[in-house]
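Student: Sharing a structure with you now.
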Amino acid sequence: MAPLVEMKNISIAFGGVQAVDDVSISLEAGEVVGLLGHNGAGKSTLIKILSGAYKMDSGEIWIDGQKAQITSPRDARDYNIETIYQTLALADNLDAASNLFLGRELTTPLGFVDDDRMEAETRKIMARLNPNFKKLKEPVSALSGGQRQSVAIARAVYFNAKILIMDEPTAALGVHETAMVADLIQELKKQGLGIFLISHDTREMMELCDRVAVMKNGRMIGAERVEDVTEDDILSMIILGKNPKVAA
Ligand SMILES: Nc1ncnc2c1ncn2[C@@H]1O[C@H](COP(=O)(O)OP(=O)(O)OP(=O)(O)O)[C@@H](O)[C@H]1O
Ligand SMILES: [Mg+2]
């Protein structure tokens with residue numbers, strides 16, 4: 001069976017900077033693939049090509065074995081690709097339900113915004129994803145980082161994301177909150193989503209991911225199953241830009 005996502009020979013330059021240089025990476029349904037690498041390695045740029053925020057100079061994206069045309073965030077959404085950025089695009093003054101359905105509001109047969117149904121749907125999905133979530137009526141500005149993160153994830157899941165991109169979802173979170181997001185990721189994985197996860201925390205990535213891919217200076221150093229590598233292997237890939245698995 002074809003992988004859920006195949007990014008093949010992707011390149012993009014900004015002025016003189018080759019931000020992503022001939023990078024290939026795949027993602028299976030139910031798989032979490034982590035992207036690691038120093039600041040400026042090209043991680044965010046690579047996933048922004050998949051989410052339609054940037055247009056690649058060359059390369060191909062295949063989804064479910066079909067060549068895909070992704071030139072805008074709207075195209076990405078049509079392929080059921082949803083992105084969750086570290087700086088969450090939530091409307092602070094609105095509650096969880098309004099955020100979940102922002103721009104895609106449910107309406108009554110007469111065309112009015114159906115607040116009751118949106119709240120009921122939000123309750124349902126939060127019960128599944130994060131049963132401890134109780135603050136349905138409060139503006140999301142009153143939520144913790146992890147709770148905000150779960151609203152964003154609920155939004156993606158409700159609208160049938162099959163491919164989820166999470167760029168440093170736990171960077172601003174405390175220990176407890178990070179554990180909550182880790183649980184959510186496991187739940188989404190069980191539901192068959194494919195997830196690209198970016199983080200700087202190598203240990204966390206070894207726990208959460210099936211495979212970790214390391215980038216350096218825009219190039220892909222290697223993508224290895226976590227059970228095949230040690231944390232030291234990963235660190236040397238990040239620092240030296242060499243894959244000990246290939247050199248051996
Ligand atoms: N919109 C842009 N315009 C110009 N240069 C950019 C742009 N976006 C990224 N770059 C450059 O591309 C390179 C890769 O940046 P990118 O944000 O992908 O790195 P990253 O691996 O996500 O780093 P970090 O871990 O700091 O988030 C960097 O040299 C960066 O300065
Ligand atoms: Mg980044």
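Student: Those residues that are under 19 Å from the mean Cα position of the chain (by Cα) and among the charged types (D, E, K, R), I need them from the range 202-246; list them, please.
Tutor: Matches in the range 202-246: R203, E204, E207, D210, R211, E224, R225.
Student: Quick check on this structure: which one of G103, G111 is modelled with pLDDT of 90 or more, not assigned by TED's automatic domain parsing to the domain that holds Q18 and not β-branched (V, I, T)?
Tutor: Exactly one residue qualifies, and that residue is G111.
Student: Which of the residues that make up the range 119-131 are part of a loop (DSSP other than H, G, I, E, B) and either touching a helix residue (DSSP H, G or I) at 6+ places or on another chain (Cβ under 8 Å) or open to solvent by less than 70 Å² (accessible area, probe 1.4 Å) (or both)?
Tutor: Hit for the range 119-131 is N130, nothing else.
Student: Of the numbered conditions (1) touching a residue at least 12 places away in the same chain (Cβ under 8 Å); (2) charged (D, E, K, R); (3) away from ligand 1 (no atom under 15 Å from the Cβ), D22 fails exactly one; give the number of that condition.
Tutor: Checking D22 against (1) touching a residue at least 12 places away in the same chain (Cβ under 8 Å); (2) charged (D, E, K, R); (3) away from ligand 1 (no atom under 15 Å from the Cβ), the one that fails is (3).
Student: Within the range 190-208, does at least one residue satisfy the condition of being at pLDDT 90 or above, closer than 20 Å to S51 by Cα, away from ligand 1 (no atom under 14 Å from the Cβ) and of a type outside the set (G, A, S)?
Tutor: yes
Student: Considering only helices (runs of 4 or more DSSP H) fully contained in the range 7-118, which possess at least 3 residues that are open to solvent by 60 Å² or more (accessible area, probe 1.4 Å)?
Tutor: 73-78
Student: Looking only at the range 148-167, filter to residues that are open to solvent by 40 Å² or more (accessible area, probe 1.4 Å) and not aromatic (F, W, Y); which one of those is nearest to the chain's Cα centre (by Cα)?
Tutor: K162
The values are calculated or read from the model by the stated rules, or taken from the named source; none is laboratory data. What you see is a predicted model; the values in this text were computed from it and never measured. Here the Cβ is made from the backbone with ideal geometry for all residues, glycine too, and neighbour counts use every protein chain on show. Note: accessible area is taken over every heavy atom of the protein model, side chains too, but ligands, DNA and RNA are not part of it. Shrake-Rupley method; radii C 1.70, N 1.55, O 1.52, S 1.80 Å.
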